[in-house]
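Okay, so here's the structure we're looking at.
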Amino acid sequence: MEYDKLCRAVEQHLHREMHTPADFDYLSEQIMSKTGSSLSSTTLMRLWGYRRPSVTVRIATLDILARFIDYKDYTHFRSEEQEDPGIIPPPSPAGKEQSHLQTQDIGHSVFVRGRAFRWLMLVLSVLLVAVVLSVIYFHRPQEESQEQPQTQYITSLSELSNNRQYLIHTREQRRGSLGICGRHLGTTFESAALFRCDKASPFAIIQHDGCFYLFSVEKGRFVNVLNYLTDKPLLRDFGERNWCAFDIHPETYGFVFDFKSTTNVYTLNVAAFDGIIIDDWGTANGFYDDGNLFSLEDAGPFDPTEALSYLTHNSCSTSE
(Lines give C-alpha, C1' and ligand atoms only; values in the text may rest on other atoms or scores of the structure.)
Protein backbone atom coordinates (compact mmCIF):
# COMPACT_ATOMS: atom_id res chain seq x y z
CA MET A 1 0.00 0.00 0.00
CA GLU A 2 1.15 3.55 -0.63
CA TYR A 3 1.87 4.37 3.01
CA ASP A 4 3.61 1.07 3.80
CA LYS A 5 6.99 2.83 3.90
CA LEU A 6 5.61 5.30 6.41
CA CYS A 7 4.63 2.38 8.64
CA ARG A 8 8.10 0.85 8.27
CA ALA A 9 9.69 4.21 9.04
CA VAL A 10 7.63 4.49 12.23
CA GLU A 11 8.74 0.99 13.31
CA GLN A 12 12.37 1.83 12.56
CA HIS A 13 12.08 5.11 14.51
CA LEU A 14 10.48 3.27 17.43
CA HIS A 15 12.87 0.29 17.21
CA ARG A 16 9.84 -1.95 17.53
CA GLU A 17 7.70 -3.82 14.98
CA MET A 18 3.94 -3.76 15.24
CA HIS A 19 2.71 -7.35 15.69
CA THR A 20 0.39 -7.40 18.70
CA PRO A 21 -2.34 -5.19 20.16
CA ALA A 22 0.09 -4.29 22.93
CA ASP A 23 2.49 -2.94 20.28
CA PHE A 24 -0.21 -0.64 18.91
CA ASP A 25 -1.21 0.51 22.41
CA TYR A 26 2.43 1.39 23.05
CA LEU A 27 2.71 3.27 19.75
CA SER A 28 -0.47 5.23 20.50
CA GLU A 29 0.95 6.34 23.86
CA GLN A 30 4.29 7.36 22.31
CA ILE A 31 2.56 9.41 19.59
CA MET A 32 0.48 11.27 22.18
CA SER A 33 3.54 11.88 24.37
CA LYS A 34 5.66 13.29 21.54
CA THR A 35 3.18 15.10 19.27
CA GLY A 36 0.29 15.86 21.62
CA SER A 37 -2.06 14.35 19.02
CA SER A 38 -4.20 11.30 19.64
CA LEU A 39 -4.27 8.23 17.40
CA SER A 40 -6.11 5.26 18.84
CA SER A 41 -4.62 1.79 18.69
CA THR A 42 -7.66 0.75 16.59
CA THR A 43 -6.83 3.39 13.97
CA LEU A 44 -3.21 2.28 13.92
CA MET A 45 -4.23 -1.38 13.50
CA ARG A 46 -6.33 -0.46 10.45
CA LEU A 47 -3.41 1.53 9.07
CA TRP A 48 -1.04 -1.45 9.46
CA GLY A 49 -3.71 -3.88 8.16
CA TYR A 50 -3.55 -5.86 11.39
CA ARG A 51 -6.27 -8.57 11.22
CA ARG A 52 -8.54 -6.25 9.30
CA PRO A 53 -8.72 -5.08 5.66
CA SER A 54 -6.91 -1.95 4.63
CA VAL A 55 -9.11 1.14 4.56
CA THR A 56 -8.76 4.66 3.30
CA VAL A 57 -6.75 6.66 5.81
CA ARG A 58 -7.20 10.37 6.40
CA ILE A 59 -4.29 12.56 5.46
CA ALA A 60 -4.43 14.05 9.00
CA THR A 61 -3.58 10.61 10.41
CA LEU A 62 -0.62 10.27 8.07
CA ASP A 63 0.56 13.78 8.98
CA ILE A 64 0.59 12.85 12.70
CA LEU A 65 2.67 9.74 11.98
CA ALA A 66 5.06 11.79 9.85
CA ARG A 67 5.50 14.35 12.63
CA PHE A 68 6.16 11.49 15.05
CA ILE A 69 9.24 10.52 13.03
CA ASP A 70 10.36 14.19 12.77
CA TYR A 71 8.92 15.20 9.40
CA LYS A 72 6.78 18.30 8.91
CA ASP A 73 3.92 16.26 7.47
CA TYR A 74 3.18 13.30 5.22
CA THR A 75 3.95 15.32 2.05
CA HIS A 76 7.39 16.13 3.44
CA PHE A 77 7.95 12.44 4.16
CA ARG A 78 6.93 11.47 0.61
CA SER A 79 9.25 14.03 -0.93
CA GLU A 80 12.21 12.81 1.15
CA GLU A 81 11.35 9.18 0.41
CA GLN A 82 11.21 9.82 -3.37
CA GLU A 83 14.64 11.40 -3.32
CA ASP A 84 16.08 8.27 -1.66
CA PRO A 85 13.65 5.38 -2.32
CA GLY A 86 15.89 2.90 -0.55
CA ILE A 87 15.93 4.80 2.70
CA ILE A 88 13.64 2.34 4.46
CA PRO A 89 13.73 -1.13 2.89
CA PRO A 90 10.58 -3.11 3.75
CA PRO A 91 11.19 -6.48 5.41
CA SER A 92 10.65 -9.64 3.38
CA PRO A 93 7.49 -11.68 4.13
CA ALA A 94 9.60 -14.60 5.37
CA GLY A 95 11.69 -12.40 7.61
CA LYS A 96 8.58 -10.67 8.88
CA GLU A 97 6.93 -13.98 9.74
CA GLN A 98 10.08 -15.25 11.51
CA SER A 99 10.41 -11.99 13.42
CA HIS A 100 6.76 -12.20 14.42
CA LEU A 101 7.23 -15.75 15.76
CA GLN A 102 10.33 -14.73 17.67
CA THR A 103 8.51 -11.77 19.15
CA GLN A 104 5.63 -13.99 20.22
CA ASP A 105 8.01 -16.45 21.93
CA ILE A 106 9.89 -13.70 23.70
CA GLY A 107 6.66 -11.96 24.72
CA HIS A 108 5.21 -15.18 26.14
CA SER A 109 8.39 -15.85 28.11
CA VAL A 110 8.47 -12.33 29.48
CA PHE A 111 4.77 -12.56 30.37
CA VAL A 112 5.28 -15.83 32.28
CA ARG A 113 8.29 -14.50 34.14
CA GLY A 114 6.52 -11.20 34.89
CA ARG A 115 3.45 -12.96 36.28
CA ALA A 116 5.61 -15.20 38.50
CA PHE A 117 7.55 -12.16 39.73
CA ARG A 118 4.32 -10.30 40.58
CA TRP A 119 3.01 -13.28 42.55
CA LEU A 120 6.32 -13.51 44.41
CA MET A 121 6.24 -9.81 45.28
CA LEU A 122 2.60 -10.11 46.44
CA VAL A 123 3.45 -13.00 48.77
CA LEU A 124 6.47 -11.14 50.17
CA SER A 125 4.38 -8.00 50.71
CA VAL A 126 1.72 -9.94 52.63
CA LEU A 127 4.38 -11.56 54.80
CA LEU A 128 6.03 -8.21 55.48
CA VAL A 129 2.72 -6.61 56.50
CA ALA A 130 1.97 -9.56 58.78
CA VAL A 131 5.36 -9.23 60.48
CA VAL A 132 4.98 -5.46 60.99
CA LEU A 133 1.46 -5.82 62.43
CA SER A 134 2.58 -8.56 64.81
CA VAL A 135 5.51 -6.45 66.03
CA ILE A 136 3.22 -3.46 66.63
CA TYR A 137 0.64 -5.59 68.43
CA PHE A 138 3.05 -7.40 70.77
CA HIS A 139 5.23 -4.38 71.54
CA ARG A 140 2.62 -1.64 72.04
CA PRO A 141 2.49 -0.12 75.53
CA GLN A 142 0.05 -1.82 77.82
CA GLU A 143 -1.86 1.37 78.54
CA GLU A 144 -2.69 1.74 74.83
CA SER A 145 -4.58 -1.55 74.94
CA GLN A 146 -6.88 -0.21 77.61
CA GLU A 147 -10.07 1.44 76.51
CA GLN A 148 -9.94 5.22 76.44
CA PRO A 149 -12.62 6.90 78.54
CA GLN A 150 -15.41 8.34 76.46
CA THR A 151 -16.01 12.08 76.50
CA GLN A 152 -18.90 12.94 78.80
CA TYR A 153 -21.15 15.85 77.91
CA ILE A 154 -23.80 17.47 80.11
CA THR A 155 -27.26 17.07 78.62
CA SER A 156 -29.43 18.70 81.30
CA LEU A 157 -29.07 21.32 84.04
CA SER A 158 -29.73 18.69 86.70
CA GLU A 159 -26.35 17.13 85.86
CA LEU A 160 -24.44 20.33 86.73
CA SER A 161 -22.45 20.15 89.96
CA ASN A 162 -20.25 22.56 91.89
CA ASN A 163 -17.86 19.65 92.36
CA ARG A 164 -17.09 19.22 88.65
CA GLN A 165 -15.15 21.32 86.14
CA TYR A 166 -16.06 21.67 82.48
CA LEU A 167 -14.64 22.53 79.07
CA ILE A 168 -17.06 24.87 77.32
CA HIS A 169 -17.28 24.42 73.54
CA THR A 170 -19.33 26.31 70.98
CA ARG A 171 -21.83 24.30 68.98
CA GLU A 172 -19.89 21.45 67.37
CA GLN A 173 -16.79 23.57 68.19
CA ARG A 174 -17.38 25.61 65.04
CA ARG A 175 -16.23 28.76 66.85
CA GLY A 176 -13.75 27.13 69.16
CA SER A 177 -13.83 26.71 72.92
CA LEU A 178 -13.62 29.11 75.86
CA GLY A 179 -10.27 29.85 77.47
CA ILE A 180 -8.44 32.46 79.53
CA CYS A 181 -6.19 35.04 77.83
CA GLY A 182 -4.34 36.95 80.52
CA ARG A 183 -7.13 38.32 82.73
CA HIS A 184 -9.87 38.04 80.12
CA LEU A 185 -12.27 35.39 78.95
CA GLY A 186 -11.28 34.36 75.42
CA THR A 187 -11.82 31.80 72.70
CA THR A 188 -9.75 29.40 70.60
CA PHE A 189 -11.66 30.50 67.46
CA GLU A 190 -9.02 31.15 64.76
CA SER A 191 -10.75 34.23 63.29
CA ALA A 192 -11.09 36.02 66.62
CA ALA A 193 -9.21 39.32 66.58
CA LEU A 194 -9.46 40.00 70.35
CA PHE A 195 -8.63 37.65 73.23
CA ARG A 196 -7.77 34.60 71.13
CA CYS A 197 -6.44 31.73 73.26
CA ASP A 198 -4.14 28.90 72.26
CA LYS A 199 -6.09 26.30 74.18
CA ALA A 200 -9.35 25.73 76.03
CA SER A 201 -9.40 26.30 79.80
CA PRO A 202 -11.44 24.43 82.43
CA PHE A 203 -14.25 26.30 84.18
CA ALA A 204 -16.49 25.56 87.12
CA ILE A 205 -20.14 26.60 86.96
CA ILE A 206 -20.90 27.48 90.58
CA GLN A 207 -24.53 27.48 91.70
CA HIS A 208 -25.20 29.75 94.69
CA ASP A 209 -28.29 31.46 96.00
CA GLY A 210 -30.32 30.67 92.87
CA CYS A 211 -27.72 32.00 90.42
CA PHE A 212 -24.86 30.60 88.37
CA TYR A 213 -21.30 31.96 88.34
CA LEU A 214 -18.56 31.19 85.78
CA PHE A 215 -15.32 30.45 87.65
CA SER A 216 -11.90 30.00 86.00
CA VAL A 217 -10.25 26.92 87.47
CA GLU A 218 -6.93 28.03 85.97
CA LYS A 219 -6.98 31.55 87.50
CA GLY A 220 -9.20 31.03 90.54
CA ARG A 221 -11.39 34.00 89.58
CA PHE A 222 -14.91 34.69 88.37
CA VAL A 223 -15.78 36.09 84.94
CA ASN A 224 -17.91 39.25 84.95
CA VAL A 225 -20.08 40.67 82.19
CA LEU A 226 -17.18 42.72 80.76
CA ASN A 227 -15.14 39.50 80.38
CA TYR A 228 -12.71 40.50 83.14
CA LEU A 229 -11.71 38.16 85.93
CA THR A 230 -12.61 39.20 89.48
CA ASP A 231 -12.57 37.80 93.01
CA LYS A 232 -15.59 39.96 93.96
CA PRO A 233 -18.60 38.18 92.51
CA LEU A 234 -21.70 40.30 92.01
CA LEU A 235 -25.36 39.67 91.46
CA ARG A 236 -27.20 41.62 88.76
CA ASP A 237 -26.68 45.28 89.66
CA PHE A 238 -29.30 46.59 87.21
CA GLY A 239 -27.30 48.67 84.78
CA GLU A 240 -23.67 48.84 85.84
CA ARG A 241 -22.88 45.97 83.41
CA ASN A 242 -20.26 44.38 85.64
CA TRP A 243 -22.26 41.63 87.29
CA CYS A 244 -21.08 38.03 87.46
CA ALA A 245 -24.29 36.08 88.07
CA PHE A 246 -26.05 34.63 85.06
CA ASP A 247 -28.81 32.24 84.07
CA ILE A 248 -28.17 29.16 81.95
CA HIS A 249 -30.95 27.53 79.96
CA PRO A 250 -30.99 24.65 77.48
CA GLU A 251 -31.80 25.19 73.83
CA THR A 252 -31.72 22.86 70.83
CA TYR A 253 -28.07 21.96 70.16
CA GLY A 254 -26.73 23.48 73.39
CA PHE A 255 -26.92 25.81 76.40
CA VAL A 256 -27.20 29.62 76.45
CA PHE A 257 -25.60 31.83 79.11
CA ASP A 258 -27.79 34.90 79.89
CA PHE A 259 -26.80 37.98 81.89
CA LYS A 260 -29.86 40.04 82.90
CA SER A 261 -30.49 43.54 84.17
CA THR A 262 -33.81 45.21 84.86
CA THR A 263 -34.08 46.29 81.23
CA ASN A 264 -31.94 44.03 79.06
CA VAL A 265 -30.82 40.47 78.55
CA TYR A 266 -27.33 39.79 77.19
CA THR A 267 -25.87 36.49 75.99
CA LEU A 268 -22.34 35.22 76.15
CA ASN A 269 -21.40 35.09 72.47
CA VAL A 270 -18.35 34.12 70.38
CA ALA A 271 -18.39 36.65 67.55
CA ALA A 272 -16.72 35.83 64.24
CA PHE A 273 -14.10 38.59 64.47
CA ASP A 274 -14.27 40.26 67.88
CA GLY A 275 -13.81 37.08 69.92
CA ILE A 276 -15.78 36.93 73.17
CA ILE A 277 -18.50 39.55 73.56
CA ILE A 278 -21.64 39.81 75.68
CA ASP A 279 -24.48 41.35 73.71
CA ASP A 280 -28.18 40.97 73.01
CA TRP A 281 -27.76 38.72 69.97
CA GLY A 282 -30.50 36.08 69.92
CA THR A 283 -32.43 37.42 72.89
CA ALA A 284 -34.96 39.42 70.88
CA ASN A 285 -36.18 36.63 68.59
CA GLY A 286 -34.94 33.54 70.45
CA PHE A 287 -32.62 32.56 67.59
CA TYR A 288 -29.24 31.26 68.75
CA ASP A 289 -26.40 30.21 66.45
CA ASP A 290 -22.94 28.67 66.66
CA GLY A 291 -21.67 31.66 68.63
CA ASN A 292 -23.92 31.49 71.69
CA LEU A 293 -24.86 27.81 71.83
CA PHE A 294 -22.45 25.92 74.09
CA SER A 295 -21.83 22.30 75.04
CA LEU A 296 -20.36 21.40 78.44
CA GLU A 297 -17.74 18.66 78.53
CA ASP A 298 -17.10 17.10 81.93
CA ALA A 299 -13.39 17.63 82.65
CA GLY A 300 -13.15 15.95 86.05
CA PRO A 301 -13.59 16.72 89.77
CA PHE A 302 -13.31 20.21 91.26
CA ASP A 303 -13.05 21.56 94.80
CA PRO A 304 -15.44 24.58 95.01
CA THR A 305 -14.30 25.70 98.48
CA GLU A 306 -12.41 28.78 97.30
CA ALA A 307 -15.13 29.87 94.87
CA LEU A 308 -17.88 29.47 97.47
CA SER A 309 -15.85 31.43 100.03
CA TYR A 310 -15.70 34.38 97.63
CA LEU A 311 -19.48 34.20 97.20
CA THR A 312 -20.06 33.98 100.97
CA HIS A 313 -17.75 36.82 102.04
CA ASN A 314 -18.54 39.41 99.35
CA SER A 315 -21.62 41.54 99.20
CA CYS A 316 -23.75 40.83 96.14
CA SER A 317 -24.73 44.48 95.78
CA THR A 318 -21.31 46.19 95.75
CA SER A 319 -19.52 47.01 92.51
CA GLU A 320 -16.09 45.68 91.71
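Things worth noting here:
- Yes/no for L311 being touching a strand residue (DSSP E or B) at 6+ places or on another chain (Cβ under 8 Å) and farther than 19 Å from G176 by Cβ: yes
- Of the residues in segment 226-249, at least one is at positive phi and touching a His at 6+ places or on another chain (Cβ under 7 Å).
- Positions within segment 280-296 being surrounded by 15 or more Cβ atoms within 10 Å (Cβ to Cβ) and at pLDDT below 85, in sequence order: W281, G282, T283
- Pairing residues of segment 63-75 that are in the same structural domain as V10 (by TED's automatic domain parsing) and modelled with pLDDT of 95 or more with residues that are surrounded by fewer than 20 Cβ atoms within 10 Å (Cβ to Cβ) and of a type in the set (F, W, Y), at Cβ distances under 7 Å and at least 6 apart in sequence or on separate chains, gives no pairs at all.
- Members of segment 16-32 found to be within 16 Å of A66 (Cα to Cα) and loosely packed, with under 14 Cβ neighbours inside 10 Å, listed by number: E29
- Here the condition is being more than 21 Å from Y166 (Cα to Cα), at pLDDT below 90, surrounded by 20 or more Cβ atoms within 10 Å (Cβ to Cβ) and not aromatic (F, W, Y); of L194, L234, it holds for L234 alone.
- Hey, D298 outside any strand (DSSP E or B) and of a type in the set (D, E, K, R) or not: no
- Positions within segment 164-185 being at negative phi, part of a loop (DSSP other than H, G, I, E, B) and in contact with a strand residue (DSSP E or B) (Cβ under 6 Å, 6 or more places away or on another chain), in sequence order: R175, R183
- Condition check for S201: touching a Gly at 6+ places or on another chain (Cβ under 7 Å), closer than 21 Å to A284 by Cα and either surrounded by fewer than 17 Cβ atoms within 10 Å (Cβ to Cβ) or of a type in the set (S, T, N, Q) (or both): no
The values are calculated or read from the model by the stated rules, or taken from the named source; none is laboratory data. Note that the structure is a prediction, hence the values are computed from the model and not measured. Positions of Cβ are generated from backbone atoms using ideal geometry, with glycine treated the same way; all protein chains shown enter the neighbour counts.
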